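The values are calculated or read from the model by the stated rules, or taken from the named source; none is laboratory data. None of these values were measured; they are calculated from a predicted model. As a convention, Cβ positions derive from the backbone with ideal geometry for all residues, glycine included, and neighbour counts pool all protein chains shown. Ligands, DNA and RNA are stripped out before the accessible areas are found, and what is left, the full protein with its side chains, is counted by its heavy atoms. Shrake-Rupley method; radii C 1.70, N 1.55, O 1.52, S 1.80 Å.
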Amino acid sequence: MKITETDNAPKAIGTYSQAVKVNGFLFISGQIPLDPSTMELVEGIENQINQVFENINQILKAEGMDFSNVVKLSVLLDDLNHFEKVNEIMASIFLKPYPARAAYEVSKLPKGSSVEIETIAFKE
């Protein structure tokens, strides 16, 4: 097991690691839209979704991976009406075959975020 950390993504704000790598799998903790330089939330749902994917991208890069290595996403939204925006942004990031995905509406996310995404990637 290897702990993955990068200064290019937000530091953990609790008792967890940014990511853990085991046997080629990279388990990325749920990312919220924190700007890693300020540790403050970005504003607006589109900016928040883009920031979350940028944070994920930076963690993937730290392990020599990219979005083509992503096999599963779990998307948490404070309003499922934002699901179409997630799809739109994902269409600009991912190529077919798309990763597996689940999406949930939740009542509250850390720091008042509107979105959190947990990611599993794999590279042999």
- Message: Taking the conditions exactly as written (among the aromatic types (Phe, Trp, Tyr) and more than 13 Å from the chain's Cα centre (by Cα)), does Phe53 satisfy them or not?
- Response: no
**OP:** Might you check whether a residue that is within 20 Å of Ala9 (Cα to Cα) and either aromatic (Phe, Trp, Tyr) or open to solvent by 60 Å² or more (accessible area, probe 1.4 Å) (or both) occurs anywhere in segment 76-93?
**Re:** no
Filtering segment 43-97 down to residues that are more than 17 Å from Pro33 (Cα to Cα), in contact (Cβ under 8 Å) with a residue 40 or more places away in the chain and either hydrophobic (A, V, I, L, M, F, W, C) or part of a helix (DSSP H, G or I) (or both) yields Lys61, Ala62, Met65, Asn69, Val70, Val71
Would it be correct to say that Ala121 is modelled with pLDDT of 95 or more and assigned to a strand (DSSP E or B)? yes
Here is a check on your reading of the model: is Leu109 touching an Asp or Glu at 6+ places or on another chain (Cβ under 6 Å) and surrounded by fewer than 14 Cβ atoms within 10 Å (Cβ to Cβ)?
no
The condition of being loosely packed, with under 13 Cβ neighbours inside 10 Å and either touching an Asp or Glu at 6+ places or on another chain (Cβ under 8 Å) or assigned to a loop (DSSP other than H, G, I, E, B) (or both) holds, among Ser29, Ser37, only for Ser37
